[in-house]
Amino acid sequence: MAVEQSAARAEGTSYVSQGNSVPARLFRPVDGAAAGPGVLLCPGRLREIDGLEFLAEALRARGVVVLATAYRGMDMRPDDQDCLDGLEFLSRLPDVDATRVAIIGHSRGAMASLRVGAKTDRLKAVVALQPVADLSAYVLATRAYAPTRFEALCRGMGDTPEAVAEAYRPLSAIHYADRIRVPVLLVAGTQDLHSPIDESLRMRDALIAAGNTDVQLEVLEGVGHFFEKMYSGYQHADVASRVLGWLTPRLALASV
């Protein structure tokens, strides 16, 4: 593991997943004395941690050690393993209480966070910000109204959902709903054109139908995929407040 101070208010770091070095950023509480909760933070498709730094800083201010992963590359297929190994790395840090660990993801990261919630018993909670729950249905829905995007998505997956269903299913969190037993918070914006709110509604319903008794959906009225709200600017403070409010009893966060 290599760690170096970055220009930002965090440490540049890395961990190993299946023999690959995964770049990451570590946010530690300034006054962290005893071991506290930890969160693996998973960004969207372009692997841009900066876009979620507002959330990392809000968590750090509440005594949470945050490891933000940048995955090993643009291919989404290894994301689950990258996240699982990131959780392992995070849980072994001396200032992290391994019994109080959660995962939070946005977009691509939200998809991975939900899937990982079905693959490990290490987690106390999952937060999925604007996920695509059913990748096949999502891609097919773009065929009529966004044909250029449809073609680009299909190229990235190797072909259409009809032709290579086996490529889409492992990335669709909705098929893991019956194995996700930890508390789940879904956050969706009504003006999100990248991950429409229907995706979060379907995921919520699937989790509840599978017997998960701790599922909550927070709806951001008029908010788009990157937490923007028309001419009102980014709704970072609102998103952070909702996430922290929900996580507080589940991770036993320090009071403000």
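Overview of values
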{"item": "Cα gyration tensor, region 185-256 - rounded (a/c under 1.5), prolate or oblate", "result": "oblate"}
{"item": "Local electrostatic count, L251, Cβ distance below 11 Å [Lys/Arg +1, Asp/Glu -1]", "result": "+3"}
{"item": "Extended-chain gain in nm, criterion 0.36 nm per residue less alpha-carbon gap, A237 and T190", "result": "15.2 nm"}
{"item": "Magnitude of the charge dipole, the chain, Cβ model with Lys/Arg +1 and Asp/Glu -1, debye to 20", "result": "280 debye"}
{"item": "Option label - percent of Cα pairs over 29 Å apart computed here, alternatives (i) 20; (ii) 26; (iii) 35", "result": "(ii)"}
{"item": "Selection from A146, P78, P196, by position along the positive dipole direction of the chain (Cβ)", "result": "P78"}
{"item": "Taking the chain and dividing mean pair separation by its residue count, relative contact order in percent (alpha carbons under 8 Å, at least six apart)", "result": "16 percent"}
{"item": "Value at 222 nm in deg cm²/dmol, rounded to 500, when DSSP H runs of n ≥ 4 in the chain each add -39,500 (n - 2.57)", "result": "-10500 deg cm²/dmol"}
{"item": "D82, D121, D178 arranged by Cβ crowding within 10 Å, fewest neighbours leading", "result": "D121, D178, D82"}
{"item": "Residue with peak Gaussian network fluctuation, the chain [Cα springs, cutoff 10 Å], from V16, V182, V127", "result": "V16"}
{"item": "Residue order, fewest to most beta carbons within 10 Å, for I49, I208, I104", "result": "I208, I49, I104"}
{"item": "Part-to-part distance (alpha-carbon centres) for region 49-74 and region 136-166, which is given in Å", "result": "30 Å"}
{"item": "Listed residue (L135, L87, G222) projecting farthest to the positive dipole end of the chain, Cβ model", "result": "L87"}
{"item": "Cα-based shape type of region 112-256, given that a ≥ b ≥ c are square roots of the gyration tensor eigenvalues and the cut on a/c is 1.5", "result": "oblate"}
{"item": "Projected-area average for region 75-156 over all orientations - Cα convex hull basis, square nanometres", "result": "5.8 nm²"}
{"item": "Assigned charges on the beta-carbon of Lys, Arg, Asp, Glu; region 185-256 dipole about Cα centre (debye)", "result": "200 debye"}
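Every number in this text was worked out from the coordinates using simple rules, so none of it is lab data. For clarity, every value in this text was computed on a predicted model and none was experimentally measured. Backbone-built Cβ (ideal geometry, glycine too); neighbour counts: all protein chains shown.
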